[in-house]
Amino acid sequence: MSLSRNVEKLKPSATIAVSTLARKLASEGRDIINLSAGEPDFDTPGFISEAAIEGIRDGRTRYTPPAGLPELRKVIAGHLSDRAGRTLEWEGVVVTAGAKQCLFNTVFTLFGPGDEVLIAAPYWTTYPDQVNLARAEPRPVFGAVDADFKVSPTELEAARTPATRGLIINTPSNPTGAVYTRDELAAIARWCRDHSVWLISDEIYRSIHHDGSEPAPGVLDLDPADLGPFVLIDGASKGFAMTGWRIGFSWCDPDLAKTFTALQSQMTSNAATPSQMAAIAAWKEKDAAASALTEMGHAFRRRRDLVVERIREIGLPFVHPGGAFYLFFRVDGLFDDRVTDATAWCSELLEQQGVALVPGAAFGDDRWVRLSFATSDEVLEEAFRRIGAMAGAASAS
Ligand code: PLP
């Protein structure tokens, strides 16, 4: 079958592939602990679900404008303006079916053949694939391991070519959990500004920040003078435990937002209307939202502390997870003649111990693996017992 060049590099999402295999093994009766999925294990807070149900009862079940209900766009713009300490136009908000779609709108609109897009690595597996779909060239840029892989202008400058058009950065990071400080972000923003490089800042995990009482720093916390052209990506999926509702949003210059809207109007039109009703409640009912976020935040922090303690006991190198709900740890010290990369190591772990993790190949470095700690303490304890057994067996052999 001959397919278009548009999809010649297309492959299914690696993280979704591992979760699917783990679910299949579990359905066959295997005792599987699945720590591969990238979603909170909490139910969506009740006040958010109720708003959707009420919306459905009130007949809010029809199309909305492609960029979302003006009410929702205004609530989001208000939330962003409070944070930025300046007014951000609501026309700059485009609501999408998940943050994945606003990333696609962004990448497809801004980049094309001949363009290079730098991607801070290890990266969320979807970024390079979306850049490929736009037929631009993804260029991973790794920060130093002892800087928790965070990139700085030094690495960016070394990777820059005359074709460099954009940089995709994600903080807190999936897969490492690393969190950029405000100063680190400001330095990156200035570098982008000075070289006319679009800064695409994916802040979907911003509210899941373990090492501070505030959400993690993001581009709107910077001095506007430091910023050149940028697109902010965020959404409801992770912070509000709403992965299945499919609500993301971008904020950018309203003129660019018009093009995102036109693109979306030809692809999916609006995000599901009842989900938009839910999202209005999520961003509007600030007290209810704050208490739900605090409760989930406490659980995530406790689990973060637990996994850090356990990985230290096992003795494998890891990146300090300051945010999100992932532990990224290094397994190449356990390789042997047969197991020579993290993909093989994860297969062995799944086969022998029934624990599903995502090999680092999905994120650009197959010496590392990603573990999602969005599950109960008991499940995490058992998973680490099994990972410890596998690591112990490798060290003893
Ligand atoms: N950005 C990052 C870094 C993610 O990890 C994910 C989901 O895993 C997304 C964006 C997409 O979020 P959504 O489910 O809202 O499409």
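Assorted remarks:
- Residue in the stretch 386-397 that is surrounded by 16 or more Cβ atoms within 10 Å (Cβ to Cβ) and closer than 30 Å to Thr181 by Cβ present: no
- Residues in the stretch 178-194 that are out of contact with any strand residue (DSSP E or B) (no Cβ under 9 Å at 6 or more places or on another chain) and either of a type in the set (D, E, K, R) or within 11 Å of the ligand (Cβ to nearest atom) (or both): Arg182, Asp183, Glu184, Arg190, Asp194.
- When Pro317 is tested against (1) within 16 Å of the ligand (Cβ to nearest atom); (2) open to solvent by 10 Å² or more (accessible area, probe 1.4 Å); (3) more than 19 Å from the chain's Cα centre (by Cα), only condition (1) is not met.
- Residues that are in a loop (DSSP other than H, G, I, E, B) and hydroxyl-bearing (Ser, Thr, Tyr), drawn from the stretch 18-37: Ser36
- When each of Val94, Val117 is tested for being buried (at least 21 other Cβ atoms within 10 Å of the Cβ), more than 25 Å from Pro274 (Cβ to Cβ) and away from the ligand (no atom under 13 Å from the Cβ), the lone residue that passes is Val117.
- Filter pass, Val197 being away from the ligand (no atom under 16 Å from the Cβ) and more than 22 Å from Arg301 (Cβ to Cβ): yes
- Taken over the stretch 12-55, the residue count meeting the criterion of being within 16 Å of the ligand (Cβ to nearest atom) and either open to solvent by 100 Å² or more (accessible area, probe 1.4 Å) or among the acidic types (Asp, Glu) (or both) is 3.
- Ala292 over 22 Å from Phe104 (Cα atoms), out of contact with any Gly (no Cβ under 7 Å at 6 or more places or on another chain), away from the ligand (no atom under 14 Å from the Cβ) and among the aliphatic types (A, V, I, L, M): yes
- A count restricted to the stretch 350-385 and to residues that are at pLDDT 95 or above, open to solvent by less than 20 Å² (accessible area, probe 1.4 Å) and part of a helix (DSSP H, G or I) stands at 5.
- Asp58 being open to solvent by 50 Å² or more (accessible area, probe 1.4 Å), touching a Ser or Thr at 6+ places or on another chain (Cβ under 7 Å) and either within 16 Å of the ligand (Cβ to nearest atom) or free of Cβ contacts under 8 Å to residues at least 12 places away in the same chain (or both): no
- The set of residues from the stretch 209-234 being among the small types (Gly, Ala, Ser) and open to solvent by less than 10 Å² (accessible area, probe 1.4 Å) comprises Ala216, Gly218.
- Strands (runs of 3 or more DSSP E) wholly inside the stretch 109-211 that include at least 1 residues being at pLDDT 95 or above and of a type in the set (Ser, Thr, Tyr): 164-170, 198-202
- All positions within the stretch 126-177 that are touching a strand residue (DSSP E or B) at 6+ places or on another chain (Cβ under 8 Å), of a type in the set (Ser, Thr, Tyr) and within 16 Å of the ligand (Cβ to nearest atom): Tyr127, Thr171, Ser173, Thr176
- Residue within the stretch 294-313 that is open to solvent by 50 Å² or more (accessible area, probe 1.4 Å) and hydrophobic (A, V, I, L, M, F, W, C) present: no
- Residue in the stretch 212-222 that is farthest from the chain's Cα centre (by Cα), counting only those that are assigned to a loop (DSSP other than H, G, I, E, B) and under 23 Å from Phe249 (Cβ atoms): Leu222
- Residue in the stretch 289-310 that is part of a loop (DSSP other than H, G, I, E, B) and in contact (Cβ under 8 Å) with a residue 12 or more places away in the chain present: no
- Selected residue (criterion: most open to solvent (accessible area, probe 1.4 Å)) from residues of the stretch 161-172 that are within 18 Å of Ser201 (Cβ to Cβ) and over 20 Å from the mean Cα position of the chain (by Cα): Arg165
The values are calculated or read from the model by the stated rules, or taken from the named source; none is laboratory data. Everything numeric here is computed off the predicted structure, so don't read it as measured data. Glycine gets a Cβ as well: all are built from the backbone with ideal geometry, and neighbour counts include every protein chain shown. Just the protein is used for accessible areas: all its heavy atoms, side chains included, with ligands, DNA and RNA removed. Shrake-Rupley method; radii C 1.70, N 1.55, O 1.52, S 1.80 Å.
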